[in-house]
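Quick notes on the structure that follows.
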Amino acid sequence: MKADESSTYQAFVGTLKRDLLIAFKRKNEIANPFIFFLIVAALFPIGITPDPVRLAEIAAGVLWISALLASLLAMDNLYSADFEDGSLEQLLLSHHPLYFLVLAKNIGHWLVSGLPVVLISPLIAYMLNFPRESYMVLFITLLMGTPILSLLGSIGVALTVGLGGRGLVLAVITLPMSVPVLITGTLAIQETGNSAPLVGYLAILGAMLVGSLSLAPLASAVALRISVN
Amino acid sequence: MEESRDLEILKVSQLFCERDERILFKGLAFSVREGQILQIKGSNGSGKTTLLRILCGLNSGYQGLISWRGKPIGECLDEFYSSLTYIGHRVGVSKVLTPIENLRWVSGLHHQVTDQAIYSSLQKMGLKGFEESQCFSLSAGQQQRVSLSKLPLSRSKLWILDEPFTTLDADGIELLEILLCEHVGRGGLALVTTHHQLAIPGLTILDLG
C-alpha cells in the first residue's frame, strides 16, 4: 500500500529477533528447561537402577520423557510476559498475518528451549549407556520432535494465557497432543536396535512436523485472539 | 450533506455491549471525522476501555456496526489495522528491553523505521539519555513515554489511546497534547479516554455516564 510499510518478512524477522533478544536478557529462562532436562534424565539411573544393561533398555524413553517435560516447563513463558506488558495486543493489532508472527515466536522459543536439549542429548545418552548404533536416530528424532512439541504446546499456552495458575490445565491440554510424538520417537529408536528400517517412523515424524508447522500457528493465533478478548 | 458523510471515517451505530449480565452501553452511536479528537469520559467501570477494545477488534463481545471508511471493519481488517495505533492500559513496553529495542519492534510491525528516527522521537518525548537503559529501571511515567514515543513515528490515521495521561507529569501532558494537535492538524483521528481536561481545539466529548 504505502511505500515504507514493512513487509511481512520484515515483521517476521523483527519479531524473531526481539524474542531472541528477550531470551538472552533473561538468561535463567534459557537455562531452566535445559537444567531441568539434565536433572530429570540424571535421576532415572539413581531411582531405577545403575545397571548398564537395564539402563540401555529404558534410555530412549527416559530421554524422550525428559525432553517432553522440559518442553512443557519451557512453554509457560512463551506468551505470558507479552500478555502482562501489553506487547501481545500490539502483535494482534498488526496488519500482518498473525500466522507468521506466531510462527516467529514459536521458532524463537524453540531455538532457546528446544535446541539446547537436542544438542546435549547425545551426552545424556552416553550417561545412560545408550545403544551405540542409535545415537544418530536419537538426535534426528529429537531434532524433528521437539519443534512439534513446541508448536503444539503453543496452542495450549495461547488458550490459557489469561488464566492464573494454569500449570495443570496446560499439561492436560498439551500432553494428549504430544503423546503420538513420544510414541513415534521412542519406537523409532527402539527399532534401530532391531535393525528394522526407519524410513517409516521418520516419515511419520516428518509429516507431524509439517502438519504442525502449517496448522499449529493458525490455531495458536485464534487461541490468542480468544484469550485477550 | 454527502460531503460531510464522506468525512466520517469511523462510524459506530447501534452498539450494544453487556458484561456479566450488566449492560455497559445500548444503542451507542457516534462518528469521528478527519481531524477530530473524541474524548471518551465516564465513571469507573462505565466501559471506556471496553469500548476502545471493541473498536480495535480486541473484544468481540458486542453487537452493532462499526465501519471504517464506509465498510464494516470485519471486511477491511488489514486496511484498518494498518491505519491504527493503539496504546492500551498495558502499554506494550517489554521491561527487559531498552526503549530503542522496544520501538524498533513495535514500530517495525507497521512500517520501516530507522534508528535515527527512533532516537529523535525518544528525545522529543524527553527520554534523552535513557535510550539504552532497560525499561525496568525506568519509572512508570517514563515507560508510558516510551510507549507514546511511537506516536511521532507512526503514520497511522487513527490513534486510540486508553488513559494515556495517567502516569505523565505536567511536561508529559503538554507533550502529548502537542502531539495530538499535530496529529489532528494532519487530518488524523484520535479517540482518547481520560478525565484530564484536554487543551485541544475542536474537541468532542462522548460521555458514557
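Quick note: the coordinates plus some simple rules give every number you see, no bench work behind them. Here the structure is a predicted model, which is why all the values come from computation and not from measurement. No Cβ is skipped: glycine too gets one built from the backbone with ideal geometry, and neighbour counts run over all protein chains shown.
Computed from the C-beta positions of A:Ile65 and A:Lys17, the FRET efficiency with R₀ = 25 Å rounds to 0.15.
Relative to the Cα centre, the charge distribution of chain B, modelled as +1 at Lys and Arg Cβ and -1 at Asp and Glu Cβ, gives a dipole magnitude of about 200 debye. Against the main long axis of the alpha-carbon atoms of chain A, helix A:115-127 sits at an angle near 10°.
Where the centroid of each part is defined by its Cα atoms, how far is region A:100-135 from region B:144-161 in Å? Measuring centre to centre over Cα atoms gives 41 Å. Springs between Cα atoms under 10 Å define the GNM used for chain A, and in it the highest mean-square fluctuation of A:Lys17, A:Lys105, A:Lys25 occurs at A:Lys25.
Ranking B:Gly27, B:Gly45, B:Gly88 by how far each Cα lies toward the positive end of the dipole of region B:1-91 (charges on Cβ) leaves B:Gly45 at the top. If R0 is taken as 22 Å, the Cβ-Cβ distance between B:Asn44 and B:Glu18 corresponds to a FRET efficiency of 0.75. For a paramagnetic label modelled on B:Cys181 (point 7 Å from Cα along Cα→Cβ), amide N atoms under 15 Å away belong, within region B:27-48, to B:37.
Relative to the longest principal axis of the Cα atoms of chain A, the long axis of helix A:135-160 lies at roughly 40 degrees.
For B:Ile40, the residues whose amide H sits under 5 Å from its own are B:Val192, B:Thr193, B:Thr194, B:Leu206, ignoring neighbours fewer than 5 places away on the same chain, with H placed 1.01 Å from N. Scanning chain B for DSSP H helices at least 20 Å long along the axis (C-alpha atoms) with a Kyte-Doolittle mean no lower than -0.5 picks out B:170-185. Full extension of the chain between A:Lys27 and A:Leu143 yields a length gain of 39.5 nm, computed as 0.36 nm times the residue separation minus the alpha carbon distance. Judged by the gyration tensor of its Cα atoms, with axes a ≥ b ≥ c, chain B is prolate; a/c meets the 1.5 cut and a/b is the larger of a/b and b/c. A Cβ-based charge dipole, computed about the Cα centre of region A:80-203 with Lys and Arg at +1 and Asp and Glu at -1, lands at about 220 debye. Taking the Cα centre of the protein assembly as shown as reference, the dipole from Cβ charges on Lys and Arg (+1) and Asp and Glu (-1) amounts to some 100 debye. Counting only alpha carbon atoms, the long axis of helix A:52-75 and the longest principal axis of chain A meet at about 10°.
What's the whole-number percent of alpha carbon pairs in region B:92-154 lying beyond 18 angstrom? Pairs farther apart than 18 Å: 20 percent. Within the straight-line cut-off of under 17 Å between alpha carbons, the aspartates and glutamates reachable from B:Lys26 are B:Glu18, B:Asp207, sequence neighbours fewer than 8 places apart in one chain being disregarded. Take chain B, connect every pair of alpha-carbon atoms lying under 10 Å apart with a spring to form a Gaussian network, then pick out the residue of B:Ser156, B:Ser82, B:Ser147 with the largest mean-square fluctuation. Top of the fluctuation ranking is B:Ser82.
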